[in-house]
Structure formats: structure tokens, C-alpha cells
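Working notes, structure below.
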Amino acid sequence: MLLDIRNLVVELPVGRELRRIVADVSLGIREGESLALVGESGSGKSMTTKAITRTLPDGAQVSGEVLFDGKLVGAMSKRELETYRREQIGLIYQDPRAHINPVRRIEDFLLEGLLLFDRRPRAELRRVISDLLAEVGIADPDRCLKSYPHQLSGGMLQRVAIAAALSTEPRLLLADEPTTALDVTTQAEVAQLLKQLQARRGLAVLFITHDLDLAAQICDRTAVMYAGRIVEMQPSRTLYASPAHPYTRGLLQSRPSVDRRYERLPTLPGSPTPAYEAPAGCPFAPRCADRMPVCSTYVPHLTRHGLAELACHLGAGAPGGN
Ligand SMILES: Nc1ncnc2c1ncn2[C@@H]1O[C@H](COP(=O)(O)OP(=O)(O)OP(=O)(O)O)[C@@H](O)[C@H]1O
Ligand SMILES: [Mg+2]
């Protein structure tokens, strides 16, 4: 495994209290593999990525293990951590405008990180970033390099941010809702671009999204998160065709579809719960139409059933499960 997360728990201080945000996350990503992490707002997706880069807010309490290429991220020295973040991981965020200095040209933005560590002459590095811009689908790289961020559209700027993330040739790309702030057409283009780059460069990708359809289009496997836990993980194809967890089924049913007509779109009753407000037992139980008495008492743990990993007391016998 390139990335191996085992029983991650993250608690954050709020006033005098410690709030559990990630309750139990275990997942692995192999070299060159893409995994989507899907879940509603507040389910703990971003805090999981921050645990991977060790950039959680001050005062965070972490237990469990994050291993990168067999190395414990929690045990890295300051220097190892810097190298790990710079050379192994590429980060892509939801809003590129918030992460790109608005008063500097794209050329300076892309070069500033590289010049610190790469000894090649500036002219050569400029060629490298110009090629990268072409690779991420920017038609006129030279013009783009001379531009300021406000002169570029959101989609172009996200491509620039992707080029920046790739410039150090990372092995793992962490993309936290990289398409959410874009219009629908651009969203699909950027998602396809990530998929192409992953295949071409043999990148491992953790793709975070609210959107199960997008996850299935882009990623080999999909993990569904609820209240700080992974409740189901499957190859995207089989998850889509035969979701096993009642929550995943609810999510898939509540998507509008162009080929179906509805009296009313089916919705999941109730609202998502953050981990620190989760009841005893299965956090999804209060909203689950299939709940049994055991569900309110014991937390179901992620166990393997064929291709699927599932945290549900209904197990492989869940209606519609496989
Ligand atoms: N600095 C912080 N201190 C305390 N709690 C925080 C802090 N930042 C976020 N939270 C809490 O963590 C929870 C969300 O975690 P996270 O940001 O990982 O969710 P998410 O799944 O990424 O959600 P979204 O889809 O909205 O991005 C929320 O309940 C939020 O209030
Ligand atoms: Mg988030």
C-alpha cells in the first residue's frame, strides 16, 4: 500500500470540549490507484486528508496510524515531514482562488515553490511548467504564464492549481472537492483531466466529493463516509450497481436522474450527524429503515463481503446487498 490509514480517530478542541470528528477510518490506496471518499458535509472527509498531511488544527488529538510507503507519518521528523509533503503529495483544493496569490503572475506562482528546491536554471524550469500547463489542457501556456489569476476563469485556474500540484511529481494526489466550485461543464472536464493524469502518470489519487456519480466516473474504488466512519467501500462499478449499506442506497436513490420521472424525489429521512453527535451503536440507525435492535447498541465494524467492505449489522444479507 502506498497510503495505509488504520483506525484513524481525530478529535478537535471546541471550547473546553474535545469533539470527535473522525470516529474510525481505515483505508488503503495502492500506487497508481484512485479512491473516492464520498460523504455529506461534516462527515469528516477534509479532516481525514489533514491527518494524511499532518496539518490538523492546533490541539487536535489523533489516534490510529497513517502510513505512507510503510512510514508512519506521525513519527516523521520536521525535516522528513517537509520532504514528504513537498515531494510525495500534491494537494488540490475546492477553491483555487483562495490558494493562488492574486497579485502575482501565474509564472511566478508556479515557479516560486520549484525554485526553492530545484537547482535547474529558471529558463529550464519555465519550460517545465509551460509543458505542464499544456498537459493540463491549457491551450496557450505562454499567455497563461503571463496572466494574473483574475484574468483566468475558475476552470483555467483549477488547471493551473493541478499543474502546481504536479510540478514536484508527487506519488499521491489529494483532491478535496476539486470540482465543487465549478460550473457543471467545467466540473466534468476537470474531473476527466484528473482521471487522465492519474492513468498517464500512474498517480495514486484520493478524490473527495459529495457526488457519487462523479466518484464512480473517476475512481477505481469508492468509500462512503457517515459520521466520521467509512460505512461501505467497493469498486466504484459494483458499488453503483449493488450498494450494500442502507445509507449508500439512500444516497443513490435520492439523486435526480434524467431518465426517470418522479412524483417526488425519494429522500433520506432526517439529517446527517457529525461523529460527536452520533448515538450509541450504528450512527446511521436513527435514519435507517432496516434497523434492528442490535443497531442501537453495537457499532458495526467494516468487514469484507466479497468485493465489498461493509459496516452494517445486516451484513451481506442487507436487502439489495451482495
Ligand atoms: N478547527 C476546527 N475546530 C473544531 N471543529 C472543527 C474545525 N474545523 C472543522 N470542524 C468540525 O469538523 C466537522 C467537519 O469535518 P470536515 O471538515 O472533515 O468535514 P467534511 O466531510 O470535509 O465536510 P464538507 O463536505 O462540508 O467539506 C464539522 O462538524 C466542523 O464543525
Ligand atoms: Mg471538507
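Throughout, read-outs are computed from the coordinates displayed, never taken from laboratory work. What you see is a predicted model; the values in this text were computed from it and never measured. Note: ideal-geometry Cβ built from the backbone for every residue, glycine included; neighbour counts use all protein chains shown.
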Taking the Cα centre of the chain as the origin, how large is its charge dipole in debye, to the nearest 20, when only Lys and Arg (+1) and Asp and Glu (-1) carry charge on their Cβ atoms? 120
Table column - 3J(HN,Hα) (Hz), the range 49-64, Karplus curve with 6.51, -1.76, 1.60, x for Gly and Pro: 5, 5, 5, 5, 9, 6, 10, 5, x, 3, x, 5, 9, 10, 10, x
Tilt relative to the chain, helix 154-166 - C-alpha long axis, 0 to 90 degrees, to 10: 80
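Checking the a/c ratio against 1.5 first, then a/b against b/c, what shape does the Cα gyration tensor give for the range 143-185? Working shown, then result.
On the way: a/c = 3.12, a/b = 1.17, b/c = 2.66.
Oblate shape, in that a/c is at least 1.5 and b/c is the bigger or equal ratio.
Quote to one decimal, in nm, the extra length available between residue 255 and residue 115 on full extension: 0.36 nm per residue of separation minus the C-alpha distance between them.
45.8 nm
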Quick one: 273, 238, fewest Cβ neighbours within 10 Å first, how do they rank? 238, 273
Amide hydrogen neighbours beyond the local backbone of residue 40, cut-off 5 Å, H modeled: none
Can you work out ³J(HN,Hα) from phi for every residue in the range 299-315, in order, using Karplus 6.51 cos²θ - 1.76 cosθ + 1.60 and θ = phi - 60°, giving whole Hz and x for Gly and Pro? 6, x, 9, 5, 10, 8, 10, x, 7, 9, 10, 9, 10, 7, 5, 5, x
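Counting only other residues whose beta carbon sits under 13 Å from that of residue 76, what net charge do I get with K and R as +1, D and E as -1?
Numbers: positive: 54, 71, 78, 79, 85, 86; negative: 65, 69, 80, 82, 87.
That sum, taken over residues with Cβ under 13 Å, equals +1.
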Full extension from residue 237 to residue 86: what is 0.36 nm times the residue separation minus their Cα-Cα distance, to one decimal in nm? 51.1 nm
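Taking 56 Å as R0, compute the FRET efficiency from the Cβ-Cβ separation of residue 153 and residue 280 and round it to 0.05. It would help to have the intermediate numbers written out before the result.
Values: r = 49 Å, r/R0 = 0.87.
Calculated value: 0.70.
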Roughly what angle does helix 122-135 make with the longest principal axis of the chain, taking Cα atoms, 0 to 90 degrees, to the nearest 10? 40
Separation between Cα centres of the range 144-165 and the range 35-102, rounded to whole Å: 23
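From the square roots a ≥ b ≥ c of the eigenvalues of the alpha-carbon gyration tensor of the range 34-188, which class results: rounded (a/c under 1.5), prolate (a/b over b/c), or oblate? List each step's numbers first, then the result.
Working: a/c = 2.19, a/b = 1.35, b/c = 1.62.
Oblate is the answer for the range 34-188, as a/c is 1.5 or above yet b/c matches or exceeds a/b.
At most 15 other Cβ atoms within 10 Å plus a DSSP loop assignment makes a site exposed; report the longest stretch of the chain without any exposed trypsin sites (Lys or Arg not before Pro).
Values: sites that count: 16, 30, 54, 104, 119, 260, 261, 264.
Formally, the longest exposed-site-free interval is 120-259.
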Report the Rg/Rh value for the chain, based on alpha-carbon coordinates and the Kirkwood definition of Rh. 0.99
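Mind checking the full-extension length gain between residue 192 and residue 14? Use 0.36 nm per residue of separation minus the Cα-Cα distance, one decimal, nm. Provide the component values of the computation, followed by the final result.
Values: separation 178, 0.36 × 178 = 64.08 nm, distance 3.87 nm.
The residue 192-residue 14 span can extend by a further 60.2 nm.
Evaluate the charge dipole of the range 148-219 about its Cα centre and quote only its size in Debye, nearest 20, assuming +1 on the Cβ of each Lys and Arg and -1 on the Cβ of each Asp and Glu. Mind showing how you got there, number by number?
Numbers: 5 positive and 7 negative charges, 74 e Å.
Charge dipole of the range 148-219: 360 debye, to the nearest 20.
Cβ under 9 Å from residue 111's Cβ, residue 111 left aside: what net charge do those residues give with Lys, Arg +1 and Asp, Glu -1?
Values: positive: 122, 126; negative: 107, 108, 112.
Around residue 111, the charge tally is -1.
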Got a sec to turn the phi values of the range 67-73 into Karplus ³J(HN,Hα) couplings, 6.51 cos²θ - 1.76 cosθ + 1.60 with θ = phi - 60°, whole Hz, x for Gly and Pro? 10, 10, 6, x, 9, 6, 5
Taking a ≥ b ≥ c as the square roots of the Cα gyration tensor eigenvalues, with a/c under 1.5 meaning rounded and otherwise prolate when a/b beats b/c or oblate if not, the range 1-98 comes out rounded
